[in-house]
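K.L.:
Can you read through this structure? Questions will come right after.
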Amino acid sequence: MNISSSHHSTLLYDATDLQRWRESLSSHDHRPLIGFVPTMGDLHEGHLSLVREAKRHAQYVVVSLFVNPTQFNNASDFEAYHRDESRDAQVAVNAGADAIFLPSPGVIYPSGAQTWVNVGALGDHLCGATRPGHFRGVCTVVNALFNLVRCHIAVFGEKDYQQLSIIRQMTRDLHLPVKIIGVPTARESGGLAMSSRNTRLTPAGRREAMSIYKSLTNAQRLWREGEREHSSLVEEVKRELSPLLKIDYLTLCDPHSLQPLADEQQTHTALLAIACFVEEVRLIDNLMLGSS
Ligand code: PAF
């Protein structure tokens, strides 16, 4: 792979490469801080904002490109996942990555591997309810990546709010010496949350998908105006959403436990989270109500 950049960058494929790379840093810099951005590639501006945030907290940043088979709910989705490692490595380096980690499945899951990181109650709701086993795959790979990269900080997007919560929980529960940093969702000009999946939408589908953010911000406005009846807020979102979207879930939930809120429950903040299908493409988004 040929990466042209003014940055000094390195491609790493396994634990030995990572070890050598870390040793090469320690010789000029005593115990340098290493930041990490795990990705499945197909990088967009949202990922690059994670790289830039990592760079603010650490001297060196590793970006991993690994399409993790264990977090897919079906094999055809995994096979169809768009892969272009040269382009991804190049854009990550241009955003400030110092090293790109490109493990093969055998590096992450050694032959005969049989240990999983299972997720507790945080995985019972939202995407966890409709994608069985997904977060078990995410936690297992993120734990493996943390152990391989030996990063001090790691950066994740708030678009995958449940993933971020679950990773924070795992990091605490397993005493992983990694500080987790969340970054606000990057949005396109019409408000659509950036996602690798957006490129699979037709222009018409993209217009329909813009109703997601519009409907969430409308609920946020109603909340600011004092509306606290959760079911009315959810109904308002449904009314604003394009009828061509198929809702997977639309939930107002406690931002810590992710448990759906009952109408009579009083809270200062609530997470409004949605997953829906637009032209068979599954999109997710969320907005915190009451945070500002
Ligand atoms: O958010 C993602 O892209 C993935 O779930 C992650 C964290 C890279 C694990 O495969």
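K.L.:
Set Lys and Arg Cβ to +1 and Asp and Glu Cβ to -1, take the dipole of the range 1-147 about its Cα centre, and tell me which of A58, G106, L48 lies farthest positive.
P.N.:
Going by the charge dipole, the pick is A58.
K.L.:
Still on this structure, please answer the following. Check the chain and count each lysine pair with an alpha-carbon distance under 23 angstrom, considering only pairs eight or more places apart or from different chains.
P.N.:
Within the chain, the lysine pair count is 9.
K.L.:
Counting helices only, and only those DSSP H runs with n ≥ 4, report the 222 nm mean residue ellipticity of the chain as the sum of -39,500 (n - 2.57) divided by its residues, in deg cm²/dmol to the nearest 500.
P.N.:
-12000 deg cm²/dmol
K.L.:
Taking +1 at the Cβ of each Lys and Arg and -1 at the Cβ of each Asp and Glu, which of H152, V183, H134 sits farthest along the dipole of the range 70-189 towards its positive end, judged by Cα position relative to the Cα centre?
P.N.:
Selected residue: H152.
K.L.:
Counting alpha carbon pairs within less than 8 Å and at least 6 residues apart, what relative contact order, in whole percent, applies to the chain?
P.N.:
Computed value for the chain: 17 percent relative contact order.
K.L.:
Under DSSP H, which helices of the chain have Cα atoms covering 27 Å or more of the helix axis and a Kyte-Doolittle average no less than -1.0?
P.N.:
Membrane-span-like by this criterion, though nothing is claimed about a membrane: 203-224.
K.L.:
How many percent of the accessible area of the range 136-292 is carbon or sulfur, using a 1.4 Å probe?
P.N.:
50
K.L.:
Moving to a separate point now. If the chain between Y249 and E264 were fully stretched, how many nm would it gain, using 0.36 nm times the residue separation less the Cα-Cα distance?
P.N.:
So the extension gain works out to 3.3 nm.
K.L.:
If you count only protein heavy atoms with a 1.4 Å probe, what accessible area per residue comes out for the chain, rounded to a whole Å²?
P.N.:
Using a 1.4 Å probe on heavy atoms only, each residue of the chain averages 49 Å².
K.L.:
Report the residue, chosen from G112, G41, G96, that carries the largest GNM mean-square fluctuation when the chain is represented by alpha-carbon nodes joined by springs under 10 Å.
P.N.:
Looking only at G112, G41, G96, the largest GNM fluctuation is found for G112.
K.L.:
If R0 is 25 Å, what FRET efficiency do you get for R87 and R56 from their C-beta distance, rounded to 0.05?
P.N.:
0.50
K.L.:
Report the dimensions of the chain along its three principal axes from the alpha-carbon atoms, largest first, rounded to Å.
P.N.:
Ordered largest first, the chain gives principal extents of 59, 41, 38 Å.
K.L.:
With charges only on Cβ, +1 for K and R and -1 for D and E, what is the dipole size of the chain about its Cα centre, in debye, rounded to 20?
P.N.:
500
The values are calculated or read from the model by the stated rules, or taken from the named source; none is laboratory data. These figures come from a predicted structure and were not determined experimentally. Cβ atoms come from the backbone with ideal geometry, glycine included; neighbour counts cover every protein chain shown. Heads up: the accessible areas ignore ligands, DNA and RNA and are worked out on the full protein's heavy atoms, side chains in. Shrake-Rupley method; radii C 1.70, N 1.55, O 1.52, S 1.80 Å.
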